[in-house]
Amino acid sequence: MKFTSKRRAGVVMALLSGLALAMTSTTAQATTDGPDVIAHRGSSGMAPENTAAAIDLAVHQHADHVEIDVQRTKDGKLVNFHDCTMQRTTNIETLYPDRPTYRVSDFTWNELRHLDAGTWYHDNYTGEPLITLDDVIHHLQHTHTGLLAEISPCNQYGTTIATDLATHLRSKPHYLHTALAHHKLAVQSFQTDDAHTFHTALPDIPIGILDADRPTDTELVQLSQWADQINPQHTVTDQTLVDRIHQLGMTVNVWTVDEPGAIRTMTNLGVDGIITDYPQTLTQR
């Protein structure tokens, strides 16, 4: 139940209040189950990031969730892509030379769907295409693996990308209901305004705040009024921070943790989720 919004958690806790004493004896056992395994851009250590290949591999490796990045094309299609420009992981400069910029938002989906997003990683993935948010949902919705969607912080979108994501998810009531019922959907953002905009539109979906720096206690208290997760970089995370986040009624997913020693350290701190490029390190699959 780590991907549960406070609103839903409140209902669950009310229903289970009569079992409080019994739950006390099971809390320690629940902790030993370990953190959720969240595949960063899919199993991106072993396949090209944010492609169907990386997502399918994460599912095969029994990741609890896949983390993706949501951006919007020029014609309004929501796609799964991380960087604010596309040169690093695609052949966009070759396919469309002499364009003034190479942002996702500068191209239509019909243009982007022809890109090769795999060769940069390895020749075995030559021709691997970009995929849309709908493609991601299609690959996940009948599996055990959930979705953690990051609202892109690229500055060309403003808070409209948060609204677009909320609108799109609301247009899929069957998926939305099923994913929430099984705690298999959450959204996160580095931008507090984006996160709050999304939360206002869809308060039942757990919302997380990403942070590369250690949040102050004042920030944590303010965020605890509406946020469900605090997701800091693992290098700024210690026991005091984890305990405080939990004390304020939120969960904590740390990123991006690949080295086995760091994974052990974060697990011992009691974090709720570990975002990693190598989910098989934790799942042993």
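The values are calculated or read from the model by the stated rules, or taken from the named source; none is laboratory data. Just so it is clear, the model here is predicted, and its values are computed rather than measured. Please note: Cβ atoms are built from the backbone with ideal geometry, for glycine as well, and neighbour counts cover all protein chains shown.
Out of the range 166-189, which residues are touching a residue at least 40 places away in the same chain (Cβ under 8 Å) and either under 18 Å from residue 273 (Cα atoms) or hydroxyl-bearing (Ser, Thr, Tyr) (or both)?
Taking the range 166-189 and keeping what is touching a residue at least 40 places away in the same chain (Cβ under 8 Å), we get 168, 180, 183-186, 188.
Passing the criteria: 180, 183, 184, 185, 186, 188.
Of (1) in a loop (DSSP other than H, G, I, E, B); (2) in contact (Cβ under 8 Å) with a residue 12 or more places away in the chain, residue 99 satisfies all except one. Which?
Going through (1) in a loop (DSSP other than H, G, I, E, B); (2) in contact (Cβ under 8 Å) with a residue 12 or more places away in the chain one by one, residue 99 breaks only (2).
If you go through the range 111-132 one residue at a time, do you hit one that is modelled with pLDDT of 95 or more and farther than 29 Å from residue 278 by Cα? Let's see the steps before the verdict.
Narrowing the range 111-132 to residues modelled with pLDDT of 95 or more: 111-132.
When the remaining residues are screened for being farther than 29 Å from residue 278 by Cα, the result is 111.
Yes, because at least one residue in the range 111-132 is modelled with pLDDT of 95 or more and farther than 29 Å from residue 278 by Cα.
State the number of residues belonging to the range 263-285 that are at pLDDT 95 or above and closer than 21 Å to residue 47 by Cα. It would help to see each step written out before you state the result.
Residues of the range 263-285 that are at pLDDT 95 or above, as a first pass: 263-283.
If we keep only those that are closer than 21 Å to residue 47 by Cα too, we end up with 263, 274-283.
Of the residues in the range 263-285, 11 are at pLDDT 95 or above and closer than 21 Å to residue 47 by Cα.
Give me the residue from the range 182-207 that is among the acidic types (Asp, Glu) and out of contact with any Lys or Arg (no Cβ under 7 Å at 6 or more places or on another chain) and, out of that set, surrounded by the most Cβ atoms within 10 Å (Cβ to Cβ).
Pass one, the range 182-207, residues among the acidic types (Asp, Glu): 193-194, 204.
After this cut, where a residue has to be out of contact with any Lys or Arg (no Cβ under 7 Å at 6 or more places or on another chain) as well, the list is 193-194.
Working: 193: 11, 194: 26.
Only one residue tops the list, namely 194.
Any idea which residue in the range 146-166 is nearest to residue 178 (Cα to Cα), counting only those that are of a type in the set (Ser, Thr, Tyr) and surrounded by fewer than 24 Cβ atoms within 10 Å (Cβ to Cβ)?
Of all residues in the range 146-166, those of a type in the set (Ser, Thr, Tyr) come to 152, 157, 159-160, 163.
Filter once more, keeping what is surrounded by fewer than 24 Cβ atoms within 10 Å (Cβ to Cβ): 157, 159-160, 163.
On the way: 157: 29, 159: 27, 160: 26, 163: 21 Å.
Once the filter is applied, the top-ranked residue is 163.
Per-residue answers, yes or no, for (1) more than 19 Å from residue 253 (Cα to Cα); (2) assigned to a strand (DSSP E or B); (3) at pLDDT 95 or above:
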residue: 21; (1), (2), (3): yes, no, no
residue: 38; (1), (2), (3): no, yes, yes
residue: 66; (1), (2), (3): no, yes, yes
residue: 70; (1), (2), (3): no, yes, yes
residue: 84; (1), (2), (3): yes, no, yes
residue: 90; (1), (2), (3): yes, no, yes
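Output the qualifying pairs, or none if there are none: Cβ atoms under 6 angstrom, residues six or more apart or on different chains, first residue in the range 194-219 and closer than 22 Å to residue 167 by Cβ, second residue of a type in the set (Ser, Thr, Tyr) and at pLDDT 95 or above.
195/189
Against the conditions (1) in contact with a Ser or Thr (Cβ under 8 Å, 6 or more places away or on another chain); (2) closer than 30 Å to residue 134 by Cβ, where does residue 188 fall short? Just the number, please.
Result: residue 188 passes all but (1).
Among the residues of the range 116-130, write down those that are surrounded by 19 or more Cβ atoms within 10 Å (Cβ to Cβ) and in contact with a Phe, Trp or Tyr (Cβ under 9 Å, 6 or more places away or on another chain). Quick ask: steps written out before the conclusion?
First pass over the range 116-130, keeping only residues surrounded by 19 or more Cβ atoms within 10 Å (Cβ to Cβ): 116-118, 121, 128, 130.
Of everything in the range 116-130, those that are surrounded by 19 or more Cβ atoms within 10 Å (Cβ to Cβ) and in contact with a Phe, Trp or Tyr (Cβ under 9 Å, 6 or more places away or on another chain) turn out to be 116, 117, 118, 128, 130.
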